[in-house]
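What follows is one structure encoded as structure tokens, with my remarks underneath.
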Amino acid sequence: MDQTTLKRACASTDRFLASVTADQLALPTPCAEWDVRALLNHLVGTVALYRALMTGTAPAANMAPGGLPDVDMLGADPVAAYRTGVEGVLAVTDDDALARTHPTPLGDMPGAALCGFSTLDVLVHGWDLARATGQEPTLDPDLAEQLLAFARQAISNDMRAPRIGPEVAVAADAPATDRLVAFMGRTP
């Protein structure tokens, strides 16, 4: 994975986040245990954790991959918190960081793979956010295809639990968005 793909995924999620209203923060999401506010905390925590792992620095909050940060990461402005986090990750995602191996809670990982997992997480949770808030959750087909290819290579069945549900069956010719989210355990 590379900075361009990460940037595109972050922008995709940003367009959904920009339309979320304060009264939607308590809505349920496709992530059964999270409401919209928790999902957004996870997203902001994910970009903060990714930045910390890519730079070898302490994260802004304690957070296990796939979990929630131990503190509120949103403050009064979830959009600003997300955008600040995205600026930080894009600033540290360069060729050198992508080429290096980084220690992570899941073991040492090549920077490109770490970027891929974070990019996948941001994009799919953007879909979750759109779905939860009544927005049209269609993702850019090329981006969805690229991340589906990454996910099929990087995620094995034994890695799924507890963070990723079992793959949901969809037609082979279903739209790219549907095939991606189905692979990630969501019902399109």
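The values are calculated or read from the model by the stated rules, or taken from the named source; none is laboratory data. Just so it is clear, the model here is predicted, and its values are computed rather than measured. Cβ placement follows ideal geometry from the backbone for every residue including glycine, while neighbour counts extend to all protein chains displayed. Note: accessible area is taken over every heavy atom of the protein model, side chains too, but ligands, DNA and RNA are not part of it. Shrake-Rupley method; radii C 1.70, N 1.55, O 1.52, S 1.80 Å.
Kindly evaluate Leu27 against the criterion of being farther than 17 Å from Val124 by Cα, of a type in the set (A, V, I, L, M) and touching a Ser or Thr at 6+ places or on another chain (Cβ under 6 Å).
Working: farther than 17 Å from Val124 by Cα: yes; of a type in the set (A, V, I, L, M): yes; touching a Ser or Thr at 6+ places or on another chain (Cβ under 6 Å): no.
The answer is no for Leu27.
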Task: Test set (1) within 15 Å of the chain's Cα centre (by Cα); (2) at pLDDT below 95 - Leu106 fails condition number - done: (1)
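Working carefully through the options Ala32, Ala48, Ala60, find the one that is under 20 Å from Gly185 (Cα atoms), open to solvent by 20 Å² or more (accessible area, probe 1.4 Å) and among the small types (Gly, Ala, Ser). Even if it seems obvious, please write down each step before you answer.
Numbers: Ala48 fails: under 20 Å from Gly185 (Cα atoms); Ala60 fails: under 20 Å from Gly185 (Cα atoms).
Selected residue: Ala32, the only one of Ala32, Ala48, Ala60 that is under 20 Å from Gly185 (Cα atoms), open to solvent by 20 Å² or more (accessible area, probe 1.4 Å) and among the small types (Gly, Ala, Ser).
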- [ ] Give the residue that is surrounded by the fewest Cβ atoms within 10 Å (Cβ to Cβ), with candidates limited to residues of segment 6-29 that are basic (Lys, Arg) and either over 12 Å from Val89 (Cβ atoms) or in contact with a strand residue (DSSP E or B) (Cβ under 6 Å, 6 or more places away or on another chain) (or both).
- [x] Arg15
Task: Looking only at segment 71-96, and only at residues there that are under 18 Å from Thr119 (Cα atoms) and part of a loop (DSSP other than H, G, I, E, B), the one that is most open to solvent (accessible area, probe 1.4 Å) - done: Asp94
